[in-house]
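Shown next, in structure tokens, is the structure this report addresses.
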Amino acid sequence: MIINHPLLGPRDAAEFVYLGDAALIDRPDPEAENADEQFYEYGYLRDNPAGAHQELWYHEQGDRSWLVVTRDTLTHEITGVKLARDEAKKRGRNK
Amino acid sequence: MRYSAFEILKQGLSGNKGWKPVWREPEPKAEYDVIIVGGGGHGLSTAYYLSKVYGMRNIAVLEKGWLGSGNIGRNTTIIRSNYMMPGNQPFYEFSLKLWEGLEQDFNYNAMVSQRSILNLFHSDPQRDAFVRRANAMILSGADAELADEAQLRRELPFLDFDNARFPIKGGLYQRRGGTVRHDAVAWGYARGADSHGVDIIQNCEVTGFDIENGVCTGVQSSKGRIRAKKVAVCVAGSSSRVMSLAGMRLPIESHVLQAFVTEGLKPTLPGVITFGAGHFYVSQSDKGGLVFGGDIDGYNTYAQRGNLPVVEDVAEGGMAIMPMIGRTRLLRSWGGVMDMSMDGSPFIDKTHIEGLYFNGGWCYGGFKATPASGYCYAHLLANDTPHPVATEMRLDRFKRGHIIDEKGQGNQPNLH
């Protein structure tokens, strides 16, 4: 698989480390009433879809940026690559 | 028909005209006591033990494709019970004991071959860890035997003992480990279940569950609605997809594991050998091909094929312990989709929906577990209590903090 890095261009997936579902960006609020339940779901439960999947890849052997890659889990086709920083800010995180 | 040497002789003398299909191809009835979703190794063994040991008769196995079209035919056929954790090791030892009597039990030649498994170690700390593992194995009633370098040099002279980076210092033998002809396991269980009256229905995809007021009353399928008192899902590799039909999210990611086979060679490897400093395991099939594999690819996927970086990694692992295979040509490679769970261990449990049961999360250790998985799942379905060796394999263990993490990697499925 080739990941089209937004800053560096096309890079071999072997340069990256895979973390998992990009929903991991949305860390629950530890102050919330049901924080234990929310953290259990955040830490352990996954949608694991067959089809389009947004996921976090870390460019360990490159510029060490985190990327949000949209990839089809049935075909391995990559349809979108964004910097995770931009995506996290868009979702309301401060960094 | 009971298979025997006499039957072969009789059929041989009468032109082999008396062999019959080994299972029926029935249409589904309107209602069953138990519907098992998934006609792979685990589903068929569940049906077999449910009908044979637990005496239930009105059972159907629904399979989306053909029997054994999933991982039962895609693994590297290794059986062993060299785990360590208390929640795991007694279960896998129970499984190995079932393997030992399986062919007589279901009267089918599954080519169970206890040709031994050897886990190599490459350093003193690793030796200590293997001694600890061996003790845990012996405590569960399994066999374990430590071999030093001198013994291995005599028995397996082709190993690269003096490798500069990963010298071989010895290994942990389990002599009762070995290999089994995997397709025959599915066929043997299917034949056995069918002979006890189980309806095995192929090309029947489950498209939904009928759930009313928190009770599962049956399934929707490509052959219409089928009612059931209990529905037992057993579809490792597709668990998240199927359980999402019941509105459940699971502690599972789907990953692909690749496997490889070379051209046929003269007898070379006496048993299964694994590399201790990377991930590589190899055995030689009865046809002569070296059958081997390594790590999963490491990203979510439902495609039954992987990518080249892992092919390279596996080949490097092989070359690190037995450079003699460098000139061997690869015949085939393939991939199977694994349920990778959050702690690397499986589930055999009820769900929060009454009448709906779940078996999955086998990571890449499902094949060796086939007999015990079916036996314990059947026990759960018949009695509504877990089998004594499967009490820890619960769906809520992460919430309770009682994980079974053999490798100590935490909730990162691609590292297990």
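The values are calculated or read from the model by the stated rules, or taken from the named source; none is laboratory data. Not measured: the values here are computed from a predicted model. Because the Cβ atoms are built from the backbone with ideal geometry, glycine has one as well, and the counts that use them run over all protein chains shown. Side chains are part of the model used for accessible areas, which takes the heavy atoms of the whole protein and leaves out ligands, DNA and RNA. Shrake-Rupley method; radii C 1.70, N 1.55, O 1.52, S 1.80 Å.
Going residue by residue through region B:240-250, is there one that turns out to be touching a residue at least 60 places away in the same chain (Cβ under 8 Å), open to solvent by 10 Å² or more (accessible area, probe 1.4 Å), within 14 Å of chain A (Cβ to nearest Cβ) and over 20 Å from A:TYR44 (Cβ atoms)? No, every residue in region B:240-250 fails to be touching a residue at least 60 places away in the same chain (Cβ under 8 Å), open to solvent by 10 Å² or more (accessible area, probe 1.4 Å), within 14 Å of chain A (Cβ to nearest Cβ) and over 20 Å from A:TYR44 (Cβ atoms).
Residues checked against (1) more than 18 Å from the chain's Cα centre (by Cα); (2) under 21 Å from B:LEU257 (Cβ atoms); (3) open to solvent by 60 Å² or more (accessible area, probe 1.4 Å):
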{"position": "B:HIS352", "(1), (2), (3)": "yes, no, yes"}
{"position": "B:GLY355", "(1), (2), (3)": "yes, no, no"}
{"position": "B:GLY361", "(1), (2), (3)": "no, yes, no"}
{"position": "B:ALA378", "(1), (2), (3)": "no, no, no"}
{"position": "B:PRO388", "(1), (2), (3)": "yes, no, yes"}
{"position": "B:LYS399", "(1), (2), (3)": "yes, no, yes"}
{"position": "B:ILE403", "(1), (2), (3)": "yes, no, yes"}
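Taking B:GLY288 as the residue in question, decide whether it is open to solvent by less than 20 Å² (accessible area, probe 1.4 Å), of a type outside the set (S, T, N, Q) and away from chain A (no Cβ under 11 Å). Yes. Applying the condition of being open to solvent by 20 Å² or more (accessible area, probe 1.4 Å) and free of Cβ contacts under 8 Å to residues at least 40 places away in the same chain to region A:53-65 and asking which residue is nearest to the other protein chains (Cβ to nearest Cβ) yields A:GLN54. Scanning region B:291-307 for residues that are in contact with a helix residue (DSSP H, G or I) (Cβ under 9 Å, 6 or more places away or on another chain) and within 8 Å of another protein chain (Cβ to nearest Cβ) yields B:GLY298, B:TYR299, B:ASN300, B:TYR302, B:ASN307. Please determine, by comparing only the residues of region B:406-416 that are in a loop (DSSP other than H, G, I, E, B) and out of contact with any His (no Cβ under 8 Å at 6 or more places or on another chain), which one is nearest to the other protein chains (Cβ to nearest Cβ). The residue in question is B:ASN411. Among the residues of region A:75-95 satisfying the criterion of being within 14 Å of chain B (Cβ to nearest Cβ) and without any contact (Cβ under 8 Å) to a residue 40 or more places away in the chain, which is most open to solvent (accessible area, probe 1.4 Å)? Within region A:75-95, the match that is most open to solvent (accessible area, probe 1.4 Å) is A:GLU77.
Among the candidates B:ASN107, B:ASN135, the residue that is polar (S, T, N, Q), modelled with pLDDT of 95 or more and open to solvent by 50 Å² or more (accessible area, probe 1.4 Å) is uniquely B:ASN135.
For region A:32-52, what are the residues that are surrounded by 13 or more Cβ atoms within 10 Å (Cβ to Cβ), more than 7 Å from chain B (Cβ to nearest Cβ) and of a type in the set (S, T, N, Q)?
A:GLN38, the sole residue that qualifies.
Comparison of B:VAL198, B:VAL180, B:VAL215, B:VAL219 shows that the only residue that is within 28 Å of B:ASN414 (Cβ to Cβ) and more than 14 Å from chain A (Cβ to nearest Cβ) is B:VAL180. All told, B:GLY336 falls short of being surrounded by fewer than 24 Cβ atoms within 10 Å (Cβ to Cβ) and touching a residue at least 24 places away in the same chain (Cβ under 8 Å).
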